Amino acid sequence: MREALVEANKAYTIGEVPIGAIVVKDSSIIGRGHNLRETHKDPTLHAEIIAIRKAANFLKSWRLTGCDIYVTIEPCPMCAGAIIQSRLDRLIFGALDTKSGCAGSLYNLPCDKRFNHRPEVIPGILEDECSEIIRNFFKARRKK
């Protein structure tokens, strides 16, 4: 999760909402990402999507079985769907997102038994650090 926080800090530095993600296979990081939707004016450029794309390119496969994704903030519906579709084994995240989180807060998409693939979900890892960076980001923006 510390490496996902490194990615979140990269987003913070460039004025993006500070969310970071990494994909890990066999203890090695094979995909990294941080939010870039403002920079590229692309609503799909969330940290998770970028990390998943990089991992898929690394493995040369859309199936990321045997891989885990670490995300600083609970994924939104789009990202939760991408996690399911890419067949990731585990979703590990830091802080809940009560406004758009779909891995336990508003909905629990990864645990919906109607899907043929359901990743294990592990919330609350480095929760305080993950909450703090996003809280500080929005606090600073409100002051402007």
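Per-residue 3J(HN,Hα) values for the range 106-117, derived from phi via the Karplus relation 6.51 cos²θ - 1.76 cosθ + 1.60 with θ = phi - 60°, read 7, 7, 10, 4, x, 9, 5, 5, 6, 7, 6, 10 Hz in sequence order (x marks Gly and Pro).
Magnitude of the charge dipole for the chain, about its Cα centre and with charges confined to Cβ atoms of Lys, Arg (+1) and Asp, Glu (-1), is about 460 debye. Close amide H partners of ILE30, meaning residues 5 or more places away or on another chain with modelled amide H under 5 Å apart, are VAL23, VAL24, LYS25. The order of ASP128, ASP89 by accessible area, most exposed first and with a 1.4 Å probe, is ASP128, ASP89.
Normalised Debye scattering of the chain at q = 0.09, 0.16 Å⁻¹ gives log10 I(q)/I(0) of -0.23, -0.75, counting only Cα atoms as equal scatterers and leaving out solvent.
What FRET efficiency, computed as 1/(1 + (r/R0)^6) with R0 = 22 Å and r the Cβ-Cβ distance, is obtained for LYS99 and GLU38, rounded to the nearest 0.05? After rounding to 0.05, the efficiency reads 0.80. Couplings for the range 88-93, taken from phi via the Karplus curve 6.51 cos²θ - 1.76 cosθ + 1.60 with θ = phi - 60°, read 4, 6, 9, 10, 10, 9 Hz in order; Gly and Pro are left as x. Residue separation of THR65 and LYS139 scaled by 0.36 nm, minus their Cα-Cα distance, works out to 22.8 nm of gained length. Residue by residue, the range 46-62 carries 3J(HN,Hα) couplings of 7, 3, 5, 4, 5, 5, 5, 4, 5, 5, 5, 5, 4, 7, 6, 7, 7 Hz when phi is fed to the Karplus relation 6.51 cos²θ - 1.76 cosθ + 1.60 (θ = phi - 60°); x denotes Gly or Pro.
I'd like the orientation of helix 127-143 relative to the chain: the angle between its Cα long axis and the longest Cα principal axis, in ° from 0 to 90, rounded to 10. Between helix and principal axis, roughly 40 degrees.
Here the accessible area is traced with a 1.4 Å probe on the protein chains. For the chain, carbon and sulfur cover 52 percent of it. Measuring against 28 Å, Cα to Cα, the residue pairs LYS41/LYS139; LYS10/LYS54; LYS113/LYS139; LYS10/LYS143; LYS41/LYS143; LYS99/LYS143 contain LYS113/LYS139 as the ones spanning a longer distance. Using Cα atoms only, what is the angle between the long axis of helix 2-13 and the major principal axis of the chain, expressed in degrees (0 to 90) to the nearest 10? That helix lies at roughly 40 degrees to the long axis. The slack in the chain from LEU106 to ILE29, taken as 0.36 nm per residue of separation less the alpha-carbon distance, amounts to 24.8 nm. Probing with 1.4 Å while keeping every protein chain in the model, the per residue accessible area of the chain equals 54 Å². Here is how the number arises for the chain: DSSP H runs of 4 or more residues each give -39500 (n - 2.57), the sum is divided by the residue count, and the result at 222 nm is -11500 deg cm²/dmol.
The values are calculated or read from the model by the stated rules, or taken from the named source; none is laboratory data. Here the structure is a predicted model, which means the values were calculated and not measured. As a convention, Cβ positions derive from the backbone with ideal geometry for all residues, glycine included, and neighbour counts pool all protein chains shown. Side chains included, ligands, DNA and RNA excluded: accessible areas come from the protein's heavy atoms. Shrake-Rupley method; radii C 1.70, N 1.55, O 1.52, S 1.80 Å.
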